[in-house]
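Read the structure below first, then the notes.
Read-outs: derived from the displayed coordinates by stated rules, not from any lab. Keep in mind that what you see is a predicted model, and the values were worked out from it rather than measured. Reconstructed Cβ throughout: ideal geometry from the backbone, glycine too, with neighbour counts over all protein chains shown.
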Amino acid sequence: MEENKELDKMVEKLLAGDRRIAARMITLVENESDEHHGIMQRIYPHSGKATVIGITGSGGAGKSTLTNHLIEKFRNQGKTVGVVMIDPSSPFSGGAFLGDRIRLQKHFMDEGVYIRSMASRGFLGGLSRATYDVIRIVEALGMDIIIIETLGAGQDEIDVIHIANTCLLVMTPNMGDDIQAMKAGIMEIGDIIVLNKADLDGAQTCMRQIKNAVSIAGIKPGAWTPKIIPTVSVASKPEDLKGIDELITTIQEHLEYLDNTRELDQAKYDRAELELGLIFKDELQNIIFKGLKGTGKKRQYLESILKGENDPYSIVDEVLTTYLRPDN
Ligand SMILES: Nc1nc2c(ncn2[C@@H]2O[C@H](COP(=O)(O)OP(=O)(O)OP(=O)(O)O)[C@@H](O)[C@H]2O)c(=O)[nH]1
Ligand SMILES: [Mg+2]
């Protein structure tokens, strides 16, 4: 690790809970600025212990509303909570985020809550890698629990969910055909399936369909069976809210299950492998592109592909053989 007093100081402030520094660092990391590696190297030893909860599901399923309840419950338990919202809309429109902001407003004043939104597009190194980094920064800021909210739409968003210890898949009774479509992925994505908007028509039928999907999924003996929790997370009277406490209890149960089985170690190992792989892939590309810069070679390669004279596989083989493989 290179010496850099300024970065040392920034990290010191972050560890002391400085939110402005956290915001600045996240921007530096998102932009893959020169400080990116230095920041992550310094933060790494102060991260990796937070409980990460993923919340995914279709647009408007109630992810932010549920997040809001979870923040409240965890705060009541004396835990600090970070929220990373992966915003599928353009980073400039601010549309979706504005709505979330209003909903989460009261928590913006709370020192024990840190909320950050990220764009899901435009990361050189991909969304998963950027999310790993942002989670580590939020953790180093002092958050015990980190909730990632992401639209269960593209593969990128679904990959992000694998960073979480516990994943909540939010479904709703009015999903119609989506239920069929999601059936295949239910087991892969959700440790806990939340049937939100259980106040709406069709909730019973939907509950049966999900139960059926879980029962035919062929879960290995001893493995975690996804729990299905119906919730009502918006109601005019607080006593009409349903399932939130049960959801918290089930999250805790899942975390205990991970703790009591070897699965947690395995999951940690898998995550470390994924993270290392992502960084390698990214950096290798950076090194190669940097190496080609100014030589005019990159352009030549691309033009030869477009003209049909060469293909990317042969080019990658050639470049790797020339620059990287010592045995050649
Ligand atoms: N009837 C009913 N409406 C709900 C419930 N939970 C949330 N809603 C409403 O559903 C709408 C969407 O809720 P959000 O929490 O913003 O959903 P989201 O999944 O975060 O949406 P995106 O972030 O845009 O994907 C809001 O108008 C909520 O008030 C519920 O349990 N019942
Ligand atoms: Mg939302």
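Loop-located GluC sites (Glu not before Pro) in the stretch 1-95 (DSSP state other than H, G, I, E, B) with a sparse environment of at most 14 neighbouring Cβ atoms within 10 Å: GLU2, GLU3. Rg over Rh for the stretch 276-323 works out to 1.00, both radii taken from alpha-carbon positions and Rh defined as the Kirkwood radius.
Kirkwood-type hydrodynamic radius, the stretch 1-56: 12.1 Å, calculated from all non-identical alpha-carbon pairs. Couplings 3J(HN,Hα) for the stretch 143-148, derived from phi with the Karplus relation 6.51 cos²θ - 1.76 cosθ + 1.60 (θ = phi - 60°), are 8, 7, 10, 10, 9, 9 Hz, where x marks Gly and Pro. 3J(HN,Hα) along the stretch 229-246: 10, x, 9, 10, 10, 10, 7, 5, 10, x, 6, 8, 5, 9, x, 5, 5, 5 Hz, from the Karplus curve 6.51 cos²θ - 1.76 cosθ + 1.60 with θ = phi - 60°, whole Hz, x for Gly and Pro. Annotation: amide H-H contacts under 5 Å for TRP224 (H modelled 1.01 Å from N, sequence separation of 5 or more, or interchain): none. When peptides 292-299, 58-65, 126-133, 246-253 are sorted by average Cβ neighbour count within 10 Å, with the highest value leading, the order is 126-133, 58-65, 246-253, 292-299. Between the amide H of VAL170 and those of THR56, GLY57, VAL194, distances stay under 5 Å, these residues lying 5 or more places away or on another chain, with hydrogens modeled in the peptide plane. Past the 19 Å Cα-Cα mark, which pairs from LYS5/LYS49; LYS9/LYS290; LYS63/LYS242; LYS9/LYS268; LYS63/LYS227; LYS197/LYS237? Pairs exceeding 19 Å: LYS5/LYS49; LYS9/LYS290; LYS9/LYS268.
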